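Comments concern the structure below.
Read the figures in this text as sums done on the coordinates, not as results from a lab. Note that the structure is a prediction, hence the values are computed from the model and not measured. Virtual Cβ from ideal backbone geometry, glycine too; neighbours counted across all protein chains shown.
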Amino acid sequence: MNIEEVHRGVQTNKHRRRIGRGPGSGSGKTAARGHKGAKSRAGYSRHPIFQGGAMPLVRRVPKRGFNNKWALNVATVNVSDLERAFEAGSEVNSDTLRSLSVLKGSYDELKILGDGELTKKLKVTANRFSASAKEKIEKAGGEAIVIRSIKPVAEKRAEAKAAKKAAEGKK
């Protein structure tokens with residue numbers, strides 16, 4: 001390869017096409033849009049998932065289930081992850097898990113699950129523990145501390161609402 005071949009095929013002084021400027025321009029009259037039809041009109045844009053008039057995939061697939069807007073997003077961590085990420089005697093909580101990139105994204109509650117083995121003594125703070133996780137943490141000499149969950153607040157509201165309804169019913 002020689003130096004004069006470096007820019008071969010690259011058009012450095014390429015001029016933009018001035019469409020719709022007479023027959024001499026090469027793109028006059030219809031301005032490269034063809035004759036008539038929706039695509040030749042001003043303001044035309046096709047929906048990004050338009051499938052040529054066929055029934056769209058999103059409408060062909062049946063609806064299923066629902067999205068519960070009250071459901072809590074629970075992040076789960078296994079004891080094997082704790083074994084791998086933490087030194088013996090350290091405190092494990094939502095912030096430390098996030099700082100070590102064990103947990104990512106947003107969640108409402110943290111649950112520790114019992115998959116894997118734990119040999120280190122850890123002080124683990126979470127919203128929930130599975131029975132096997134709690135057993136493994138305590139067996140290793142650590143402690144499993146349950147912190148208050150978001151759910152009791154929702155339950156208290158439901159109880160207050162039920163009591164109010166019952167009081168209104170007695171009148």
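Structural remarks
- The Cβ shell under 11 Å around ARG33 holds other residues with a net charge of +4, Lys and Arg each +1, Asp and Glu each -1.
- The chain: angle of helix 151-170 to the longest principal axis, Cα-based, in degrees nearest 10: 80 degrees
- Gyration tensor (alpha-carbon) shape descriptor, region 39-86, a/c threshold 1.5: prolate
- Exposed-site-free run, longest, the chain (rule: GluC sites (Glu not before Pro); DSSP loop; at most 12 other C-beta within 10 Å): 1-86
- Distance (nanometres) between label positions extended 7 Å along Cα→Cβ at ALA162 and PHE66: 2.0 nm
- Over region 79-139, the Kirkwood radius and the radius of gyration, each from Cα atoms, give a ratio Rg/Rh of 0.92.
- Computed helical MRE - 222 nm, the chain, DSSP H runs ≥ 4 contributing -39500 (n - 2.57), nearest 500: -7500 deg cm²/dmol
- Close amide H contacts of GLU143 (hydrogens built in the peptide plane, cut-off under 5 Å, sequence separation of 5 or more or a different chain): LEU122, LYS123, VAL124.
- In the set [x] 16.3, 55; [y] 19.7, 64; [z] 32.4, 98, the label that goes with Rg and Dmax of the Cα atoms in Å computed for this structure is [z].
- Within the shell of other residues whose beta carbon sits under 13 angstrom from the beta carbon of SER101, the net charge comes to +1, with Lys and Arg scored +1 and Asp and Glu -1.
- ARG59/VAL146 FRET efficiency (R0 45 Å; Cβ-Cβ; nearest 0.05): 0.45
- Dipole in debye (nearest 20) - region 74-156, about Cα centre, beta carbon charges: Lys, Arg +1; Asp, Glu -1: 160 debye
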